[in-house]
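Following: one structure in structure tokens, then a few remarks.
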Amino acid sequence: MPNLLTVENLAKSYTARRARDSGLAVRALDGVSLSLSDGETLAVVGASGSGKSTLALCLACLEKPTSGSVSFEGRDLLMIGEAELRKIRPKIQLVFQDPASSLNPRFSAFELLSEPWRVGGSLPRSEWRTQACELMRITGLPSDLLSRRPMEFSGGQRQRLAIARGLAAWPKILILDEALSSLDPALQAQIANLLVDLRESRELAMVFSTHDPAMAAHLADKIAVMERGKIVEQGTPREILRQPQHEATLKLLAATPRKILRSRPPVVP
């Protein structure tokens, strides 16, 4: 059975914006290869500027790579037309680090959640309210908040709403780009536990980018460490935490409290 997602030799270059560097190519991704199976979680770990966000955008078909291939269910997404790509995009959903900037502030929570059904026609209008309430329940939000706009939610609630919005499209892959980094530790633990529950209940594949090896170990089946646009090390959480091989991994682990690395983050009911 083929992988759900296969990435081979992915590269992405940008043209430098600073006047003194004008015309120079900045290589954000450099030969990235990885794979993801149904129901599997991959954590992409790296410091700021390592290429994690660019990789997330390319996997979600929001940025076009310079070269390489991204195959979803056996189809190379870089070789198909825009019409076919529009059909596939809902199956790969991206949750950004800052939900306040990614959620339309003029929409209510209900309008945000029902937008994929309105655009795609995947659900009868008569079922929108019921399904929206179910998504709120799944992500731990009271259904009486459906009439509120994103800025009326707390930070943790907005992140849950962003996850609910991603789930509304019934994706096969949920990509979370530093989605927990702006939350305090207690909220991080709550959202992390929510993601674990979603993976198990929906058999949802996830790509989770973070600078925190301990959180990666808590959530992931395997970890890929990035530095300067390259994956420099891959392995199971046990291998990465206990037998790191690359200097970039050692630096990340050195910045993480040892008591956290010995065990998973606390489970918050």
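Derivation of every value follows stated rules applied to the coordinates shown; laboratory data play no part. Just so it is clear, the model here is predicted, and its values are computed rather than measured. Glycine gets a Cβ as well: all are built from the backbone with ideal geometry, and neighbour counts include every protein chain shown.
For this structure, a couple of remarks:
- Exposure proxy shown here: for H218, H246, the number of other Cβ atoms within 10 Å sets the order, fewest to most, as H246, H218.
- Put simply, the amide H of M226, placed in the peptide plane, has neighbours under 5 Å in V45, G46, V232, leaving out anything fewer than 5 places away on its chain.
- Computed log₁₀ I(q)/I(0) - Debye formula, equal Cα scatterers, no solvent, the chain, q 0.14, 0.17 Å⁻¹: -1.02, -1.41
- Residues K12, K222, K251 arranged by fewest to most Cβ contacts within 10 Å: K251, K222, K12
- Gain in span if fully extended, E134 to R238, counting 0.36 nm per residue against the direct Cα distance: 33.9 nm
- Taking amide H as placed 1.01 Å from N in the peptide plane, the amide H of A179 sits under 5 Å from that of S209, each at least 5 places away or on another chain.
- Percent of Cα-Cα distances greater than 25 Å, calculated over segment 1-114: 33 percent
- With 10 Å bins beginning at zero, the pair-distance distribution over Cα atoms of segment 75-114 amounts to 23, 38, 30, 8 %.
- About the Cα centre, charge dipole magnitude for the chain (Lys/Arg +1, Asp/Glu -1 at Cβ), debye: 440 debye
- Helical contribution to [θ] at 222 nm, DSSP H n ≥ 4, -39,500 (n - 2.57), averaged over the chain, rounded to 500: -10000 deg cm²/dmol
- Note on segment 179-239: dipole from Cβ charges, positive end direction compared against V225, A214, P237; the farthest Cα belongs to V225.
- Our coupling estimate for segment 117-129, obtained by passing each phi through the Karplus curve with A = 6.51, B = -1.76, C = 1.60 and θ = phi - 60°, is 6, 5, 6, x, x, 7, 9, x, 4, 5, 9, 4, 4 Hz, Gly and Pro reported as x.
- About its Cα centre, segment 105-157 has a charge dipole of approximately 100 debye under the convention of +1 per Lys or Arg Cβ and -1 per Asp or Glu Cβ, with nothing else charged.
- Estimated translational D of segment 97-241 in µm²/s (Stokes, Kirkwood radius over Cα pairs; 4 °C; 1.567 mPa s): 80 µm²/s
- Likely footprinting exposure, E239, E200, E82, fewest C-beta neighbours within 10 Å first: E82, E200, E239
- Under 24 Å between alpha carbons - lysine pairs in the chain that sit 8 or more apart or on different chains: 25
- Highest mean first, the peptides 103-115, 38-50, 122-134 sorted by other C-beta atoms within 10 Å per residue fall in the order 38-50, 103-115, 122-134.
- Extending 7 Å from the Cα toward the beta-carbon at both A25 and A186 defines two label points whose distance is 5.0 nm.
- Charge dipole (Cα centre; +1 on Lys/Arg Cβ, -1 on Asp/Glu Cβ; no other charges) of segment 100-230 amounts to roughly 360 debye.
- 3J(HN,Hα) couplings calculated from phi for segment 237-253 with the Karplus curve 6.51 cos²θ - 1.76 cosθ + 1.60 (θ = phi - 60°) are, in sequence order, x, 5, 5, 5, 6, 9, 9, x, 10, 10, 4, 4, 5, 4, 5, 5, 5 Hz; Gly and Pro show x.
- Cα centroids of segment 80-109 and segment 38-66: 15 Å apart.
- Each residue of segment 150-155 was assigned a 3J(HN,Hα) from its phi angle through the Karplus expression (A = 6.51, B = -1.76, C = 1.60, θ = phi - 60°), giving x, 6, 8, 9, 6, x Hz with x at Gly and Pro.
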